Amino acid sequence: MPLDSALPALDVDADFWSLRFVEEASDDHVVRKNVALPLTTSLDRGVMASVYADGGYGYAATGDTSPDGLKRVLQRARDWAKVTARHAIADSQALPRPAPQGRYASPAGIAATAALSHKQWFDLLMAESQSAGDDPRLVDWEVSCEVVRTTQRLVTSGGGDVVQHYRFLMPSVSVTAHADGDTIVRTLNGYRGICQQGGEEILARFGFAGSTRRVADEALELLAAPNCPSGTMDVLLAPDQMVLQIHESIGHPLELDRILGDERNFAGTSFVTADMFGSYRYGSELLNITFDPTRGEELASYAFDDDGTRAEKMHLIRAGVLERPLGGAISQQRAGLPGVANARACSWNRPPIDRMANLNLEPGTSTFDGMVSAIELGVYMQTNCSWSIDDSRNKFQFGCERGRMIRNGKLAEVIKRPNYRGVSASFWRSLAHVGNADTLEVLGTPYCGKGEPSQVIRVGHASPACVFTGVDVFGGEA
Amino acid sequence: MSVEDTMEAYFHAIAAALDGATARGERYAATFDGEDTDFVRLNQGKVRQPGSVSQRYLTLRLVQDRRHAEHRQSLTGDLAIDTASAVAALSALRSAVTDAHDDPHLLLPASVQSSATHRGGDLPPAADVVDRILDAAHGSDLVGLYAAGPVFRGFADSSGQRNWHSTTTFNLQFSLYHRADKAVKSGYAGFRWDDAAFAARMHDARERLALVAQPARSLSPGKYRVYLAPSAVDEIAGLLGWGAFSGRALATQQSALSRMGSDGGERLDPRVSFREDTANGVAPSFQAEGFTRPSMIPLVEKGVLVGSLVSPRTAREFGLDANGANSHESPESFAMDAGDLAAADALAALDDGLMIGNLHYLNYSDRNACRITGMTRFATFRVQHGRIVAPADVLRFDDSIYRLFGANLEALTVERELLLASETYGCRQMSSSELPGALIREMAFTL
């Protein structure tokens, strides 16, 4: 596949065309209850052609990246553009025609493609698994790490040529404990909540070595813990819950394609409307949300999006006021709004749409102890395990794996199944404290789903711990 | 030859090359999945993104004694190139297997059971269909996706087993919007496009849209009597499909239905029966490791948990019988028994409550207790005296399956709907569900 070599001569009867090549190799290593599951590897290669012609737009994708294959896929995309031009929602003659030039590589670069061998991975994971202990209440546990290497090349008819190399590491620990009719699952920052770009230094960053025993001990502790109480109280959300709160009730509602209606048949619409940008108070003055593709280790850092727009850090919400949406160049043109470089596709076989990339809550000034001491009655909640929100991204209900009561400014007993519910439009206005950089963690998810046809994409979220006041909190079934 | 026949021959040619490349003491298993799909995304009664995707994937597993490894790769569609790369992948797996641990939970098919299913479709060119859709939707705010074309699944192994399943289908999923989140959802799917059938769907959607356009009511949280249309029941079935019927999840107490697994445990209403109904679904009759599926697997019978979906690995690990489940042990042809309430009488039977057309974004609020939460979506109506009086603003529910389909279940409809999956994550899904509507005495809404 021509990832870094000259393309054949391509003559396309079109106003603009692009070819986006993707090659992705992954190695998945899993040890479950001290048994190594078979090594699973994959190699996925293909190309998507996008064409503007006669005011229309079309795409076509294939695994055939031969010169003839490229000509055929461009022809197919051009045919779509022409035949649907009269129905096109946007006149492609008015759309940007990027000609970007540049390179990008993850912190580990291209060199770290095999830092650990498969055998070394399995040895490491087996040792972790065996450290879970032999308590008979531990009924299941799994330790894993997926390593993914991706290269993307975007070539455009105006001379654009961008090559971006990524290396992703996604370790995971999950332990299930069961006794007396109750089952508890505890994980290390959620299922693949630890997901970053780079090399094996990521493991040390999250204390992966020795984590399985710690997670197992917490699962057993939760088995014996009381249920979370119900009531209106404050919540202190750990970063591994904050990332979900940001993702669902800020990220998705700010996606410009949702605001433009593209997602209404599937993922949903948004309570945010185009007229809110520039004036709407989304949250308290402590709320600062950025689109930041420049933080090297974060999962969705890159130099250019999949439409060829250069990626830069931008504020979406500043001091609580909504500034700009998550919209790529095409959506910006359609909406007449500024945006960011977030037109992204999950692979070669899906077209770019507006996605979150790295969506971060900027740290504040509060220490963790200071936030605890400011709470008279509340719950410290860790690690998301349940998420649900309405199709306008307003009424939400989220659940966490572990909680600790806070009484009179002090952390108290561990509680299980802490849940809370609220409404996005008012919840962020109750943001009372934002943790400082010492409380910040860089997490994310490889599994953000959206789009027709549907796509699962990697997004990063960095957040400190935060305090919200007057939240509707409740526990599991009595 | 048809495209389905051509693709089957192509896959069998690759399998023949793998047969020749397999050494003594080795076994291979290969699965093939591919599709040639036209996707046309629609918004505001116009075309947002039209395109085509042609993709083929080969997943190859090599087994030596009790050691094995697996590799999945995309293919180009060129037989010579793809045969060479498949053989190269087999060679690469050979070195991976050398380093592999023995797998105590490896289970391979004990017998050769080949099969072939071709179900061709009769589809007009996608661009023509789009013209018809948008003409019919003229003046409406229509949003959705048209996906059409052949989908292929295949299996081959070194024992000579060959399985093939291909269908050519279309699936139009669309919504008509009044404003904001007020809309009706509809769909039209099948093997042969019929203008009259589509016109009937569009007419029905327009009629319901007129109801949605009435002033909406914002209802307070509380307990409401509800009628769940089959598409709303499908959302609940989809959540349960996320591990509740998994043999492994049940064996390790992680299933949301684990409390039904013991004597004296939870029960559903005796009218509730769930099954994996492969014979009446659209999923292949074989799974990725070559195990074939029985025509039907009872899961819940008259309110009692009687079965589960068991993958080969789970079967070996927990001493169960494998029954053709894939590794995720989720239903692919889920069916629920019908009841005795005529769908035409559902509003009258509901009398005073909510008629819920669709649910959205379900999850467990307490998996251990099978308590679930989610939102109403699209056409949900306030009903009084058996008549629709207003569309309802979205509401959040939080309630237990044991209550909803246990003590609070009042009736299931005589009619069931066959709902063909429209999911397109990675590929077009080949699964379905066949479900009745459900009248429920009381459902708890919290927000």
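The values are calculated or read from the model by the stated rules, or taken from the named source; none is laboratory data. This structure is a prediction, so every number in the text was calculated from the model and none was measured. Every residue, glycine as well, gets a Cβ built from its backbone with ideal geometry; the counts of neighbours run over all protein chains shown.
Of all residues in segment A:449-467, how many are surrounded by fewer than 22 Cβ atoms within 10 Å (Cβ to Cβ), assigned to a strand (DSSP E or B) and of a type outside the set (Val, Ile, Thr)? If you could, list the steps in order and put the result at the bottom.
Our first condition is that a residue be surrounded by fewer than 22 Cβ atoms within 10 Å (Cβ to Cβ); within segment A:449-467, this holds for A:449, A:454, A:456.
Filter again for assigned to a strand (DSSP E or B), leaving A:449, A:456.
Imposing the further condition that a residue be of a type outside the set (Val, Ile, Thr) reduces the set to A:449.
Of the residues in segment A:449-467, 1 are surrounded by fewer than 22 Cβ atoms within 10 Å (Cβ to Cβ), assigned to a strand (DSSP E or B) and of a type outside the set (Val, Ile, Thr).
Taking segment A:345-365 as the range and being more than 14 Å from chain B (Cβ to nearest Cβ), among the small types (Gly, Ala, Ser) and surrounded by fewer than 24 Cβ atoms within 10 Å (Cβ to Cβ) as the test, only A:Gly364 passes. The residue that is surrounded by the most Cβ atoms within 10 Å (Cβ to Cβ), counting only those in segment B:93-114 that are out of contact with any Lys or Arg (no Cβ under 6 Å at 6 or more places or on another chain), outside any loop (DSSP other than H, G, I, E, B) and facing chain A (nearest Cβ under 9 Å), is B:Leu93. The residues on offer are A:Gly403, A:Gly399, A:Gly370, and the sole one that is outside any strand (DSSP E or B) and either more than 11 Å from every other protein chain (Cβ to nearest Cβ) or of a type outside the set (Asp, Glu) (or both) is A:Gly370.
Taking interchain pairs and intrachain pairs at least six residues apart, which have beta carbon atoms under 7 angstrom, with the first residue in segment B:113-135 and outside the structural domain of B:Gly281 (by TED's automatic domain parsing) and the second among the basic types (Lys, Arg)? Close Cβ pairs satisfying both conditions: B:Ser114/B:Arg162; B:Gly121/B:Arg192; B:Asp122/B:Arg192.
Let me confirm something: among B:Met375, B:Met336, B:Met430, which residue is over 29 Å from A:Gln455 (Cα atoms) and assigned by TED's automatic domain parsing to the domain that holds B:Gln287? Lay out the reasoning, then the answer.
On the way: B:Met375 fails: over 29 Å from A:Gln455 (Cα atoms); B:Met430 fails: over 29 Å from A:Gln455 (Cα atoms).
Step by step, each of B:Met375, B:Met336, B:Met430 is checked, and only B:Met336 is over 29 Å from A:Gln455 (Cα atoms) and assigned by TED's automatic domain parsing to the domain that holds B:Gln287.
Among the candidates A:Ser386, A:Ser424, the residue that is touching a Phe, Trp or Tyr at 6+ places or on another chain (Cβ under 7 Å), of a type in the set (Ser, Thr, Tyr) and surrounded by fewer than 22 Cβ atoms within 10 Å (Cβ to Cβ) is uniquely A:Ser386. Residues in segment A:106-132 that are assigned to a loop (DSSP other than H, G, I, E, B) and either modelled with pLDDT of 95 or more or loosely packed, with under 15 Cβ neighbours inside 10 Å (or both): A:Ser106, A:Gly109, A:Ile110, A:Ser117, A:Ser131, A:Ala132. Every residue in segment A:327-367 that is outside any helix (DSSP H, G or I) and out of contact with any strand residue (DSSP E or B) (no Cβ under 8 Å at 6 or more places or on another chain), please. A:Gly336, A:Leu337, A:Pro338 - these are the residues of segment A:327-367 that are outside any helix (DSSP H, G or I) and out of contact with any strand residue (DSSP E or B) (no Cβ under 8 Å at 6 or more places or on another chain). If you go through segment A:122-153 and keep only what is under 25 Å from the mean Cα position of the chain (by Cα) and either of a type in the set (Phe, Trp, Tyr) or more than 30 Å from A:Ala99 (Cα to Cα) (or both), you end up with A:Leu125, A:Trp141, A:Glu142, A:Val143, A:Ser144, A:Cys145, A:Glu146, A:Val147. In segment B:343-357, is there at least one residue being crowded, with 17+ Cβ neighbours inside 10 Å, within 14 Å of chain A (Cβ to nearest Cβ), of a type in the set (A, V, I, L, M, F, W, C) and within 24 Å of B:Phe174 (Cα to Cα)? Yes - at least one qualifying residue is present in segment B:343-357. Looking only at segment A:38-66, residues that are within 7 Å of another protein chain (Cβ to nearest Cβ), of a type in the set (S, T, N, Q) and within 15 Å of A:Ser18 (Cβ to Cβ) come to 1 in all.
Residues that are surrounded by fewer than 24 Cβ atoms within 10 Å (Cβ to Cβ) and at positive phi within segment A:427-448 are absent altogether. Being in a helix (DSSP H, G or I), within 12 Å of chain B (Cβ to nearest Cβ), farther than 30 Å from B:Arg367 by Cβ and out of contact with any Cys (no Cβ under 7 Å at 6 or more places or on another chain) holds for only one residue in A:Asp257, A:Asp262, and it is A:Asp257.
For every residue, the table says whether it meets (1) within 11 Å of another protein chain (Cβ to nearest Cβ); (2) in contact with a Phe, Trp or Tyr (Cβ under 6 Å, 6 or more places away or on another chain).
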residue	(1), (2)
A:Leu10	no, no
A:Arg20	no, no
A:Ala36	yes, yes
A:Asp79	yes, no
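The residues listed here are B:Gly51, B:Gly45; of these, the one that is free of Cβ contacts under 8 Å to residues at least 40 places away in the same chain, within 14 Å of another protein chain (Cβ to nearest Cβ) and of a type outside the set (D, E, K, R) is B:Gly51.
Sort out which residues of segment B:217-240 are surrounded by 20 or more Cβ atoms within 10 Å (Cβ to Cβ) and either free of Cβ contacts under 8 Å to residues at least 12 places away in the same chain or not in a helix (DSSP H, G or I) (or both), and write them in order of number. B:Tyr224, B:Val226, B:Tyr227, B:Leu228, B:Ala229, listed by residue number.
Filtering segment A:373-396 to residues that are facing another protein chain (nearest Cβ under 10 Å), assigned to a strand (DSSP E or B) and of a type in the set (Gly, Ala, Ser) leaves A:Ser386, A:Ser388. If we scan segment B:398-417, do we find a residue that is touching a residue at least 12 places away in the same chain (Cβ under 8 Å), of a type outside the set (D, E, K, R), assigned to a loop (DSSP other than H, G, I, E, B) and within 12 Å of chain A (Cβ to nearest Cβ)? No, segment B:398-417 has no match at all.
Filter segment A:450-463 for residues that are out of contact with any Leu (no Cβ under 8 Å at 6 or more places or on another chain) and either among the β-branched types (Val, Ile, Thr) or more than 19 Å from A:Thr150 (Cα to Cα) (or both) and give the result.
A:Lys450, A:Gly451, A:Ser454, A:Val456, A:Ile457
Checking segment B:308-323 against the condition returns a match, with at least one residue being acidic (Asp, Glu) and either touching an Asp or Glu at 6+ places or on another chain (Cβ under 7 Å) or surrounded by fewer than 18 Cβ atoms within 10 Å (Cβ to Cβ) (or both). Within the option set A:Arg86, A:Arg186, A:Arg103, being within 14 Å of chain B (Cβ to nearest Cβ), surrounded by fewer than 16 Cβ atoms within 10 Å (Cβ to Cβ) and out of contact with any Pro (no Cβ under 7 Å at 6 or more places or on another chain) holds for one residue only, A:Arg86. Only one of the numbered conditions (1) assigned to a strand (DSSP E or B); (2) under 13 Å from the mean Cα position of the chain (by Cα) is violated by A:Arg192, and that is (1).
Looking at segment B:225-232, is at least one residue within 19 Å of B:Val282 (Cβ to Cβ), assigned by TED's automatic domain parsing to the domain that holds B:Leu395 and in contact with a strand residue (DSSP E or B) (Cβ under 9 Å, 6 or more places away or on another chain)?
Our first condition is that a residue be within 19 Å of B:Val282 (Cβ to Cβ); within segment B:225-232, this holds for B:230-231.
Narrowing further to those that are assigned by TED's automatic domain parsing to the domain that holds B:Leu395: B:230-231.
Going one step further and asking which of them are in contact with a strand residue (DSSP E or B) (Cβ under 9 Å, 6 or more places away or on another chain), we end up with B:230-231.
Yes, because at least one residue in segment B:225-232 is within 19 Å of B:Val282 (Cβ to Cβ), assigned by TED's automatic domain parsing to the domain that holds B:Leu395 and in contact with a strand residue (DSSP E or B) (Cβ under 9 Å, 6 or more places away or on another chain).
All of B:Leu134, B:Leu90 fail the test of being touching a helix residue (DSSP H, G or I) at 6+ places or on another chain (Cβ under 8 Å) and more than 10 Å from chain A (Cβ to nearest Cβ), apart from B:Leu90. When the residues of segment B:371-389 are filtered to those that are buried (at least 22 other Cβ atoms within 10 Å of the Cβ) and hydrophobic (A, V, I, L, M, F, W, C), which remaining residue is farthest from the other protein chains (Cβ to nearest Cβ)? Taking the candidates together, the pick is B:Val383.
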